[in-house]
Amino acid sequence: MAITTSLLLLISPKLSQQQNHTFCTLNNPSNRHIKFNPNLKSSVSKLFNTTQKPQFLRFRYVRNQINSMFTGIVEELGHVKHMGYDEDGGFHLQVEGNIVLQDVNLGDSIAVNGTCLTVTEFDTNASEFTLGLAPETLRKTTLMDLEPGSIVNLERALLPSTRMGGHFVQGHVDGTGEIVSLDQEGDSLWVKIKTSPEILRYIVPKGFIAIDGTSLTVVDVLDKEACFNIMLVAYTQQNVVIPLKKVGQKVNLEVDILGKYVERLLSSGFLDPTKS
């Protein structure tokens, strides 16, 4: 979660004039690093609507990173309205939603398909809000695959008074998985997902996993196929994006954080499993 510590543009307009604006190049899949070139506009930007946006009161943040928590219980399905570059070379995502805007403030965290993002602009009358995306977020998640009209899962950050209906989800995507099969059984849907060994090692049968931000229970882990599967009941199918995707499409994955903490403690020698 990003906490606002200062509002630079409103206090000192000169700071804005001193910045060098660049564009971000993302169209080279062989290069893991995102390069910035003031004379280059990526071909990726052609995929996005360049219609002039309404004028909003814009803020720039100096941020302290403090973790947000989510439950993995999707509050509503939103629609992507626009994706593209800011004037300062940053990348933004504009989404239409209603429930998540009921008590929104600048700097709040909202999970979009399981990715914790910071609200930089919002317009409650138009039922839309804008979120900033960092280069690492674009590399690590499926958000780059979105386009205007795409449907996304939305959830606000957890409050102390919120009922914990799912599990602790940080909104920090560990990686992606690929849907390899969708099979109906009665009114339920089997979903089989393939992922990397680095992620699969933390997935256990009957354990939690967040798929596109939805808290779900793992049914089986198929190590030889590097796959796992889950089952969606009818109600869940109607309220999340997973059933809307096709075989071959990717999903964001976040494993249960407890497994990573245990592994870290054991590998550091802080806990010795051979001693009682």
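A few remarks follow.
- Note, ³J(HN,Hα) from phi for region 240-245, Karplus 6.51, -1.76, 1.60, rounded to Hz, x at Gly and Pro: 9, 7, 3, x, 7, 8
- What the phi angles of region 184-198 give under the Karplus curve with 6.51, -1.76 and 1.60, with θ = phi - 60°, is a coupling list of 7, 9, x, 9, 9, 10, 7, 10, 10, 10, 9, 8, 7, x, 5 Hz, glycine and proline written as x.
- Rounded to the nearest 10 Å², the accessible area of HIS172 at probe 1.4 Å: 80
- Rounded accessible area of GLU121 (nearest 10 Å², 1.4 Å probe): 10
- Accessible area of region 120-276 belonging to carbon and sulfur atoms, whole % at 1.4 Å probe: 54
- Around ILE209: net Lys/Arg minus Asp/Glu count, Cβ-Cβ under 14 Å: 0
- Solvent-accessible area per residue, Å², over region 158-276 with all protein chains present [probe radius 1.4 Å]: 59
- Computed from backbone phi, the HN-Hα couplings of region 107-122 come to x, 5, 9, 10, 8, 10, 6, x, 9, 6, 10, 9, 6, 9, 8, 7 Hz, rounded to whole numbers (Karplus: 6.51 cos²θ - 1.76 cosθ + 1.60, θ = phi - 60°; Gly and Pro given as x).
- Summed residue charge, Cβ within 9 Å of GLU225's Cβ, Lys/Arg positive, Asp/Glu negative: +2
- Dipole magnitude of region 175-276, debye to nearest 20 (Cβ charges: Lys/Arg +1, Asp/Glu -1, about Cα centre): 200
- Probe 1.4 Å - accessible area at LEU133, Å² to nearest ten: 10
- Other residues whose C-beta falls under 9 angstrom from the C-beta of HIS92 contribute a net charge of -2, scoring Lys and Arg +1 and Asp and Glu -1.
- When PHE208, PHE129 are compared by accessible surface with a 1.4 Å probe, the order from highest to lowest is PHE208, PHE129.
The values are calculated or read from the model by the stated rules, or taken from the named source; none is laboratory data. Remember, it's a predicted structure, so these values are computed and weren't measured experimentally. Note that we place each Cβ from the backbone using ideal geometry, even for glycine, and neighbour counts take in every protein chain shown. To get the accessible areas, we keep the full protein, side chains included, count just its heavy atoms, and leave off ligands, DNA and RNA. Shrake-Rupley method; radii C 1.70, N 1.55, O 1.52, S 1.80 Å.
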